[in-house]
Amino acid sequence: MVREGQFEGRIAIVRRGSGGFGYDPIFVPQGEAPGGRTVGLMSSDEKHALSHRGKAARAMAEYLRQEGW
């Protein structure tokens, strides 16, 4: 079974933050005000609550629970 998640947002003009990897210092999640925090400035818990991987993992966990796992 496959589950997906989306992580929408925009690219920052300037890199901000040293947390995470890859695009984290330049990606501003949807819901953050213009000039708001990049993912690189967020805690791991905040990032996982919003990220596509976190959303997909929660959807898969829910599916597995429903299937009796």
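The values are calculated or read from the model by the stated rules, or taken from the named source; none is laboratory data. Not measured: the values here are computed from a predicted model. FYI the Cβ positions are ideal-geometry reconstructions off the backbone, even for glycines, and counts take in every protein chain you see. Protein only, heavy atoms only, side chains kept; ligands, DNA and RNA dropped before computing areas. Shrake-Rupley method; radii C 1.70, N 1.55, O 1.52, S 1.80 Å.
The table below gives the values:
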quantity	calculated
Residue, farthest from GLU62 (Cα to Cα), within the stretch 1-37, restricted to residues that are of a type in the set (S, T, N, Q) and in contact with a Lys or Arg (Cβ under 9 Å, 6 or more places away or on another chain)	GLN30
Of all residues making up the stretch 40-67, the number that are assigned to a helix (DSSP H, G or I), open to solvent by less than 70 Å² (accessible area, probe 1.4 Å) and hydroxyl-bearing (Ser, Thr, Tyr)	1
Contacts under 9 angstrom Cβ, first residue in the stretch 33-59 being closer than 18 Å to ARG15 by Cα, partner among the polar types (S, T, N, Q) and open to solvent by 80 Å² or more (accessible area, probe 1.4 Å), 6 or more apart	GLY40/SER18; LEU41/SER18
Residues located in the stretch 4-32, provided they are open to solvent by 60 Å² or more (accessible area, probe 1.4 Å) and of a type in the set (A, V, I, L, M)	ILE11, ILE13, VAL14
ARG37 assigned to a loop (DSSP other than H, G, I, E, B), surrounded by 14 or more Cβ atoms within 10 Å (Cβ to Cβ), of a type outside the set (Asp, Glu) and out of contact with any helix residue (DSSP H, G or I) (no Cβ under 6 Å at 6 or more places or on another chain)	yes
